[in-house]
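Just below is one structure, and these are the notes that go with it.
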Amino acid sequence: MPDVYATISQADAAVVEQLAGILELRAADPQQQEMRTAYLSDVDFPPSARVAEIGCGTGPVARTLAALPGVGEVVGVDPSPLFVEKARELARDLPNLTFVLGDGREVPLEDDSFDVVVFHTTLCHIPSPDEALAEARRLLRPGGTLAVFDGDYVTVSVAHSPNDPLQACADACAENLIHDPWLARKLPVLLRDAGFGDIRLRGHSYVEAPSSGGYLLAVIDRGADALHSAGRISGDMAAALKSEARRRSDEGEFYGHINYLSAVARRS
Ligand SMILES: C[S@@+](CC[C@H](N)C(=O)[O-])C[C@H]1O[C@@H](n2cnc3c(N)ncnc32)[C@H](O)[C@@H]1O
């Protein structure tokens, strides 16, 4: 099953609607907010900074950026018309935030026109991330800052014991629904090859306990569906695995962990 985000403009409206809910749920999680605050603190925003978020989805990160002191204007870019429509609706009270429809590998914005470009959990979904990084470099003014935050998705762990069947769902989600789950480990070389220097890397640890909000429950759901679609488990088994994840959560037993990586670099 291919990464739905990598071909998002062809996805069913119902699927995009479901993903929109997951993106907003994840962004509202206090630990996700803390990680955003941490890596954005590594970015030097010049006064009235002009910022682009590539692959903005429904815009929660773009809204955070638009509210930062010192940021003048934010432009969110995404190839999904449905995400862009939702993003505009959710940001209707933020006059310094606009959205444009576009692919990160061919962004319809001018050269040398941004101080900061952000990819937040987006680069791993883009086939040919090198092309997206070359576009980011083109958009940035000389000396501008690139910030990339992505999951190190091969670290997703939800097992309580060896051979825990929920881990198969988490692994299937990473393997089937993320174009390159290994991207975080390639990031320093990708950035260097794309013409970025002064690279600051930071690891972030996300732990989901039952009260955290359910992002990893959604990962298990999507992994169970991927296993079912691939004919590897029955629909009944997929439903049983989802329900076991809910039971653990309801009974205070759920545990999930994922590492994220941020890289903040300067256009050299
Ligand atoms: C996991 S979502 C992240 C959305 C948002 N940055 C956030 O963190 O809430 C990945 C996003 O990448 C976008 N995307 C997929 N392919 C893309 C491409 N070629 N160029 C730019 N964005 C892309 C998807 O439409 C989706 O909004």
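The values are calculated or read from the model by the stated rules, or taken from the named source; none is laboratory data. Small disclaimer: the values here were computed from a predicted structure and weren't measured. All Cβ positions, even for glycine, are placed from backbone atoms using ideal geometry, and neighbour counts span all protein chains on display. These area figures cover heavy atoms from the full protein model, side chains too; ligands, DNA and RNA do not enter into them. Shrake-Rupley method; radii C 1.70, N 1.55, O 1.52, S 1.80 Å.
Please report the orientation-averaged projected area of the chain, defined via the convex hull of its C-alpha atoms, in nm².
Values: hull surface 53.9 nm².
Mean projected area of the Cα convex hull: 13.5 nm².
Taking the Cβ of HIS120 as the center, what net charge do the other residues with Cβ under 10 Å away carry, scoring Lys and Arg +1 and Asp and Glu -1? Taking every other residue near HIS120 into account, the sum is -1. With one equal scatterer per alpha carbon and no solvent term, the Debye-computed log10 I(q)/I(0) for the range 123-268 at 0.11, 0.12, 0.17, 0.18 1/Å reads -0.50, -0.58, -0.91, -0.96.
Other residues with beta-carbon under 9 Å from the beta-carbon of ALA238 carry, at +1 per Lys or Arg and -1 per Asp or Glu, a net charge of -2. With Rh defined as the Kirkwood radius, the inverse of the mean 1/r over Cα pairs, the Rg/Rh of the range 56-164 is 1.05.
Distance between the pseudo-spin-label points of THR7 and ARG247 (7 Å out from Cα toward the beta carbon): 3.6 nm. Expressed as a whole percent, the accessible area of the chain that falls on carbon and sulfur atoms is 52 (1.4 Å probe). Computed extension length for HIS257-MET237: 4.9 nm, one decimal, from 0.36 nm per residue of separation with the Cα-Cα distance subtracted.
With 0.36 nm allotted per residue and the present C-alpha distance subtracted, the SER268-VAL189 stretch has 27.0 nm of extension available.
With R₀ set to 35 Å, the beta-carbon distance separating ARG202 from VAL100 gives a calculated FRET efficiency near 0.75. To test your reading of the geometry: what angle, between 0 and 90 degrees and rounded to tens, separates the Cα axis of helix 129-139 from the longest principal axis of the chain? Orientation of helix 129-139: about 30 degrees from the principal axis.
What FRET efficiency would be calculated for the residue pair SER229, ARG88, taking the C-beta separation as r and a Förster radius of 45 Å, to the nearest 0.05? Present the calculation step by step, with values, prior to reporting the outcome.
Values: r = 32 Å, r/R0 = 0.71.
Efficiency for this residue pair is about 0.90.
Local charge for ASP198 was computed over the other residues whose Cβ lies under 12 Å away, with Lys and Arg +1 and Asp and Glu -1, and equals +2. When shorter helices are ignored and each DSSP H run of at least 4 residues is given -39500 (n - 2.57), the per-residue value for the chain at 222 nm works out to -13000 deg cm²/dmol. Among 230-242, 25-37, sorting by the average number of other beta carbon atoms lying within 10 angstrom of each residue, highest first, gives 25-37, 230-242.
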